[in-house]
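Visitor: Take this structure first; my questions come after.
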Amino acid sequence: MMSEVQSTYSVVRDSWKSLKKSEIYKLHKERMIGWRNGPSFERVEHPTRIDRARSLGFKSKKGYIIVRARVRRGGSHRPKIMGGRRPRRMAYTKITPKKSIQRIAEERTADKFPNMEVFNSYYVGEDGLYKYYEVILLDRTAPEVYKDPKVSWVAEPQNKGRVYRGLTSAGYKGRGLRTNRSGSDKSRPSIRSNGRLRR
């Protein structure tokens, strides 16, 4: 009986599903040491996870670039309140942001590359201090982008600055729009506007 032949993408995908047991784990740890010592935002020639990049719409042609973003992980702290309060009302530790780390990475990448539009992003690793994401960016003015019928909508004026308005995949998830109407009635069209409708 012939063994089932796997494609290259499926082999890469299976390796990332169980990263610590895979053969690439040692190489991945060595890479992250370099990422930690390098810049916060670095343009890369080839995606680290080719299967994930292609499934999210990346194409190896002009107008598409990949940028690796590094963002600190965990909650944040506020300055300690010096006035009298019982401990539970001080609220200066365990402050959790409303945006996910992935959304923060996308927005900061868009700030660094103002002539590009954020298309999507995916996770590539984390250590004790940072999380790393690779962000797919498109050049809205490139003919390879605005003449492609599958992605030409990115070049339309209403989609400018889409990452800042929560219109990427990570933005939709953070706004509670991944579910259907049932159970997310108060999330549409947005939490803020829905609250105004109910006044």
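Derivation of every value follows stated rules applied to the coordinates shown; laboratory data play no part. Note that the coordinates shown come from a computational prediction; the quantities given were computed from them, not determined experimentally. Note that we place each Cβ from the backbone using ideal geometry, even for glycine, and neighbour counts take in every protein chain shown.
Visitor: On average over all directions, what projected area in square nanometres does the chain have, based on the convex hull of its Cα atoms?
Guide: On the way: hull surface 72.8 nm².
For the chain, the mean projected area of the Cα convex hull comes to 18.2 nm².
Visitor: Residues with beta-carbon under 14 Å from that of TYR164, excluding TYR164: net charge, scoring Lys, Arg +1 and Asp, Glu -1?
Guide: Values: positive: LYS99, ARG103, ARG108, LYS112, LYS160, ARG162, ARG165, ARG175; negative: GLU106, GLU107, ASP111, GLU117.
Summing Lys and Arg as +1 and Asp and Glu as -1 gives +4.
Visitor: Anyone know which of VAL44, VAL71, VAL124 comes out most mobile in the 10 Å Cα GNM of the chain?
Guide: Looking only at VAL44, VAL71, VAL124, the largest GNM fluctuation is found for VAL44.
Visitor: Let me ask something else. Among PRO114, ILE101, SER184, which residue has its Cα positioned farthest towards the positive end of the charge dipole of the stretch 81-199, with +1 placed on the Cβ of Lys and Arg, -1 on the Cβ of Asp and Glu, and the dipole taken about the Cα centre?
Guide: SER184
Visitor: When the Cα centres of the stretch 125-199 and the stretch 39-92 are compared, how far apart do they sit, in Å?
Guide: Cα centroid of the stretch 125-199 versus Cα centroid of the stretch 39-92: 16 Å apart.
Visitor: For n ≥ 4 DSSP H runs only, could you compute -39500 (n - 2.57) per run for the chain, divide by its residues and tell me the 222 nm figure to the nearest 500?
Guide: Numbers: 7 runs with 58 residues, N = 199.
Per the formula, -8000 deg cm²/dmol.
Visitor: Another one. For THR93 and SER55 in the same chain, what is the full-extension length gain: residue separation times 0.36 nm, less their Cα-Cα distance, in nm? Write down the numbers at each step before the final one.
Guide: Values: separation 38, 0.36 × 38 = 13.68 nm, distance 3.83 nm.
Taking THR93 through SER55 to full extension adds about 9.9 nm, to one decimal.
Visitor: Find which of VAL135, TYR9, HIS77 sits farthest along the positive direction of the dipole of the stretch 9-142, computed with +1 on the beta-carbon of Lys and Arg, -1 on that of Asp and Glu, about the Cα centre.
Guide: Of the listed residues, the answer is HIS77.
Visitor: Picking from ARG162, ARG88, ARG49, which is most flexible by a Gaussian network model of the chain using Cα springs under 10 Å?
Guide: Comparing ARG162, ARG88, ARG49 in a Gaussian network model of the chain, the most mobile one is ARG88.
Visitor: So what's the net charge close to TYR9: Lys and Arg +1, Asp and Glu -1, counting the other residues with Cβ under 12 Å from its Cβ? Walk me through the intermediate numbers first.
Guide: Details: positive: ARG13, ARG49, ARG52, ARG54; negative: ASP14, ASP51.
Around TYR9, the charge tally is +2.
Visitor: Taking 8 Å as the Cα distance limit and 6 or more residues as the minimum spacing, I'd like the relative contact order of the chain as a percentage. Display every interim value, and only then the final one.
Guide: Numbers: 243 pairs, mean separation 35.1, N = 199.
So the answer I get is 18 percent.
Visitor: Compute the length gained on full extension between LYS186 and LYS21: take 0.36 nm times their separation in residues and subtract their Cα-Cα distance, giving the result in nm to one decimal.
Guide: Details: separation 165, 0.36 × 165 = 59.40 nm, distance 4.20 nm.
Gain on extension, LYS186 to LYS21, equals 55.2 nm.
Visitor: Still on this model: Would you mind checking the pairs LYS62/LYS147; LYS29/LYS98; LYS112/LYS160 and listing those with alpha carbons more than 18 angstrom apart?
Guide: From the list (LYS62/LYS147; LYS29/LYS98; LYS112/LYS160), the Cα-Cα distance tops 18 Å for LYS29/LYS98.
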